[in-house]
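Read-outs: derived from the displayed coordinates by stated rules, not from any lab. The model shown is predicted, which means the values in this text are computed figures rather than measured ones. Positions of Cβ are backbone-derived with ideal geometry, glycine not excepted, and every protein chain shown enters the neighbour counts.
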């Protein structure tokens, strides 16, 4: 019923594997969920989604920079 041998002709070289590959993913294909609410200095966990938070706009920018670019926040009084 099933074939006794499995031809690998489409996986022989890296160039052929690249041509027949079905899925190509890169960092731009993913969505980073950020949830915004009004107010200042707010970071509250969403009960139905552990590990996800509601952020106020001021905290949202800091969180995004920290998570995506590994940037450290700059305090308002420092000269950077």
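With the alpha-carbon atoms of the chain aligned to their principal axes, the span from lowest to highest coordinate is 69, 37, 14 Å, starting with the largest.
The mean sequence distance of close C-alpha pairs (under 8 Å, at least 6 residues apart), as a share of the length of the range 29-73, puts its relative contact order at 33 percent.
Computed on the chain, with alpha-carbon pairs under 8 angstrom and 6+ residues apart, the relative contact order is 18 percent. FRET efficiency for residue 64 and residue 24, Cβ-Cβ distance as r, R0 = 30 Å, nearest 0.05? The pair residue 64/residue 24 has a calculated efficiency of 0.70. Over all directions, the projected convex hull of the C-alpha atoms in the range 29-73 averages 3.6 nm² in area.
Here the peptides 28-37, 52-61 are ranked by packing, the mean other Cβ count within 10 Å, and the order with the highest first is 52-61, 28-37. Relative to the longest principal axis of the Cα atoms of the chain, helix 57-69 runs at roughly 40 degrees.
Put a dot 7 Å past the Cα of residue 10, heading toward its Cβ, do the same for residue 42, and the two dots end up 5.1 nm apart.
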